[in-house]
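The values are calculated or read from the model by the stated rules, or taken from the named source; none is laboratory data. Fair warning: this is a prediction, and the values are worked out from it, not measured in the lab. Methodologically, a virtual Cβ is constructed for each residue, glycine included, from the backbone with ideal geometry; neighbour enumeration extends over all protein chains shown. Heavy atoms of the whole protein, side chains included, go into the accessibility calculation; ligands, DNA and RNA do not. Shrake-Rupley method; radii C 1.70, N 1.55, O 1.52, S 1.80 Å.
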Amino acid sequence: MKYHLITLGCQMNLSDSERVAAVLEQMGYERTENEDEANLLGMLACSVRQKPIDKVYNKISQWNKAKNKRNLITFLSGCVLAADKDKLLKQFDIIFPMSELSQFPDMIRSYGVVNAASLRVEAPKPVMPKNEHIVDLWQIKPKYQSSYEAFVPIQNGCDKFCTYCAVPYTRGREVSRPSADIVAEVRHLVSQGYKSITLLGQNVNSYGLDKQGNEMSFAELLREIGEFGKQSGEEFWVYFTSPHPQDMTREVIEVIAEYPCLAKQIHLPMQSGDERVLIKMNRKHSMDKYRQIVADIRELLPDATLFTDIIVGFTSEGDEEYQHTVEAFHEFKFNMAYIAMYSPRPGAASYRWQDEVSLDVKKERYHDLSEVMKIYTREYHESMVGKTIRLLVNGSDRKTGFSTGLTEGKINVRLDRIAPELMGKIVDVKITTAADFSMSGELILQEETINE
């Protein structure tokens with residue numbers, strides 16, 4: 001028996017998919033990238049934006065047509081809004097929330113023979129997802145998709161209720177994973193030679209707040225991991241995503257500065273540079289608050305790269321409000337910005353409001369802001385030319401004859417030659433040239449690296 005799994009959306013969905021894979025392979029299923037070979041076809045959906053949901057509808061249409069030729073079961077999980085679930089329930093055989101993953105094998109077994117297409121299985125449909133079973137999900141050991149890069153969930157859900165966002169309605173309220181389990185997973189990964197570990201949550205720096213003082217704060221969790229990193233003597237980088245500016249503290253930045261294993265890269269979603277728009281988004285942070293956080297980062301982590309998320313064309317965003325976002329880009333000089341055009345999502349508060357910004361205007365602002373970002377990405381890359389940096393090699397392409405990697409600050413670098421033997425290793429590289437969104441460099445190989 002074989003399964004084929006498609007994962008859409010964020011890194012949290014990717015992490016969840018590793019646990020889905022583990023459950024299926026414990027049942028005896030074998031993964032295949034060829035969906036025509038699979039008896040079980042599944043997707044982890046993302047309702048945050050319309051485009052991924054469109055992909056779900058397109059794919060399930062193809063899969064249901066394939067049922068005319070062979071026996072198979074289809075399933076759906078991940079982030080699915082109630083409005084989408086009601087429509088998709090008639091098309092998928094099984095729909096379940098990730099918090100019910102431990103029950104997934106029983107759902108599959110309820111089919112008996114794989115041709116019972118008339119049987120549909122659905123977990124309960126609360127208006128707000130309940131997360132009391134999320135701990136069961138975290139107890140499932142994931143089947144990591146990489147031998148050197150891993151994602152470690154530390155929290156699930158969100159309490160912020162940004163007006164554009166569907167996450168509280170798909171993942172529920174915030175629940176923190178036990179810190180002992182988090183640290184144990186990080187220790188295990190390092191012992192297995194992993195070099196890049198990302199702590200995941202919808203709002204990682206509110207970690208522990210739901211435990212009413214019975215759990216570590218996020219800063220304390222980072223310190224615990226940092227102390228382990230210092231004692232281990234191993235070189236690895238720990239990232240986290242995503243923090244919320246409202247809960248970001250100077251203490252967190254101080255801890256990152258103290259420990260080499262805590263990567264000097266901060267992803268700090270701004271979403272808009274305009275105060276009025278931030279209020280309408282219910283972001284709960286002002287530009288002055290954001291500005292202070294960036295000042296702390298520049299002071300304590302002068303070599304850190306700064307990434308952000310931006311929404312252009314949010315409901316009623318005028319030219320003046322948009323220009324404030326442009327000005328913020330000039331002020332903060334982001335190393336990378338993930339820019340999205342606003343799309344209303346059913347369930348989010350802003351769905352009830354008129355979407356007053358035309359698609360053409362959204363596209364214009366998207367491209368304009370991307371051009372502004374290029375000014376500062378290239379400026380940073382050019383400043384790195386001639387410097388020797390550490391690089392995690394993460395790709396090799398025999399067709400092009402080059403290998404690729406990521407710096408500690410998550411900047412893409414193309415190496416001067418192909419070196420598949422260095423995949424998953426951290427090496428020295430001298431930067432030679434700069435481009436808009438990447439750099440190129442020469443490998444500087446030490447004898448011990450060659451002999452590994």
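Qualifying trypsin sites (Lys or Arg not before Pro) in the stretch 3-101, where qualification requires a DSSP coil assignment and no more than 14 other C-beta atoms within 10 Å, comprise K69, R70, K90. Using the rule -39500 (n - 2.57) for each DSSP H run of four or more residues, divided by the residues of the chain, the 222 nm mean residue ellipticity is -10500 deg cm²/dmol.
A simple spin-label model places pseudo-atoms 7 Å from Cα toward Cβ; at Q323 and D355 they are separated by 2.7 nm. Measuring with a 1.4 angstrom probe and ignoring ligands and nucleic acids, H330 comes out at about 80 Å² accessible. Positive-end ranking of F92, F437, V186 along the dipole of the chain, with charges on Cβ about the Cα centre, is headed by F92.
Using the Karplus relation 6.51 cos²θ - 1.76 cosθ + 1.60 with θ = phi - 60°, the per-residue 3J(HN,Hα) values for the stretch 340-356 come to 10, 7, 4, 9, x, 10, x, x, 6, 4, 5, 5, 7, 8, 5, 7, 7 Hz, with x marking Gly and Pro. Cysteines of the chain lacking any other cysteine Cβ under 4.7 Å from their own Cβ: C10, C46, C79, C158, C261. For the stretch 1-71, the carbon plus sulfur part of the accessible surface works out to 44%, probe radius 1.4 Å. The trypsin sites (Lys or Arg not before Pro) found in the stretch 396-448 that occupy coil by DSSP, while having at most 15 further C-beta atoms within 10 Å, are R398, K399, R417. Taking the Cα centre of the chain as origin and assigning +1 to Lys and Arg Cβ atoms and -1 to Asp and Glu Cβ atoms, the resulting dipole is close to 1540 debye. Loop-located GluC sites (Glu not before Pro) in the stretch 29-62 (DSSP state not H, G, I, E or B) with no more than 16 neighbouring Cβ atoms inside 10 Å: E33. Model label sites at K51 and D136, defined 7 Å from Cα along the beta-carbon direction, differ in position by 3.5 nm. Surface analysis of the chain yields an accessible area of 44 Å² per residue, using protein heavy atoms and a 1.4 Å probe. In order along the stretch 81-87, phi translates into HN-Hα couplings of 5, 4, 5, 6, 4, 4, 7 Hz, rounded to whole numbers, per the Karplus curve 6.51 cos²θ - 1.76 cosθ + 1.60 with θ = phi - 60° and x for Gly and Pro.
In the stretch 333-452, the portion of solvent-accessible area held by carbon and sulfur atoms comes to 48 percent [1.4 Å probe, whole percent, DNA, RNA and ligands not counted]. Run the accessible area of the stretch 255-328 with a 1.4 Å probe and give the carbon-and-sulfur part as a rounded percent. Result for the stretch 255-328: 51 percent of the exposed heavy-atom area is carbon or sulfur. Length gained on full extension, D288 to D86, computed as 0.36 nm times the residue gap minus the Cα-Cα distance: 68.5 nm.
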